[in-house]
Amino acid sequence: MNFVLDTYVYIVNPSQVQNLELDLNQVMPNGQTVIYGTQCSSISKTWEYSVISSNSPHWKASNIPCNPLTWTAKTWHHIQIAYHRNSSGTVNSRLGESG
């Protein structure tokens, strides 16, 4: 029910990156799949997270700024995302990025 995605991303040419998507998926004991979807979007210029609306997945912008087009080229960027879900599959997350 608790996960931490701790990774480094190396981007050679940020102008070629529209979105940087980092997902984790988990199948719960009842067979339901929980998608922990997170992306840094050059469109909304925020970290976005996945939501289910009308039984369909969608991206929702957060209030945390992010734009991969502005990331430093040829540099390692450290990303940490902490996820927690409850027994019904509702997900909460926290994010950190540096680089």
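The values are calculated or read from the model by the stated rules, or taken from the named source; none is laboratory data. Keep in mind that what you see is a predicted model, and the values were worked out from it rather than measured. Cβ sites come from the backbone with ideal geometry, for glycine too, and all protein chains shown count toward neighbours. Heavy atoms of the whole protein, side chains included, go into the accessibility calculation; ligands, DNA and RNA do not. Shrake-Rupley method; radii C 1.70, N 1.55, O 1.52, S 1.80 Å.
Here Gln16 meets the list (1) within 18 Å of the chain's Cα centre (by Cα); (2) open to solvent by 30 Å² or more (accessible area, probe 1.4 Å); (3) modelled with pLDDT of 90 or more almost entirely, failing just condition (1). Looking across the range 19-30 at every residue that is at pLDDT below 85 and within 14 Å of the chain's Cα centre (by Cα), the one that is least open to solvent (accessible area, probe 1.4 Å) is identified as Leu24. I'd like to know if the range 53-64 contains one or more residues that are modelled with pLDDT under 85 and either among the β-branched types (Val, Ile, Thr) or surrounded by 17 or more Cβ atoms within 10 Å (Cβ to Cβ) (or both). No, that holds for no residue.
Pairs are defined by a Cβ separation below 7 Å, a sequence spacing of at least 6 or placement on different chains, a first member in the range 1-25 that is closer than 18 Å to Ser42 by Cβ, and a second member that is surrounded by fewer than 10 Cβ atoms within 10 Å (Cβ to Cβ); the pairs so defined are Val12/Lys74. Once the range 31-43 is narrowed to residues that are open to solvent by 40 Å² or more (accessible area, probe 1.4 Å) and part of a loop (DSSP other than H, G, I, E, B), the residue that is nearest to Ile79 (Cα to Cα) is Ile43. Does Leu5 meet the test of being open to solvent by less than 40 Å² (accessible area, probe 1.4 Å) and under 16 Å from Pro65 (Cβ atoms)? Judged against the criteria, Leu5 is not a match.
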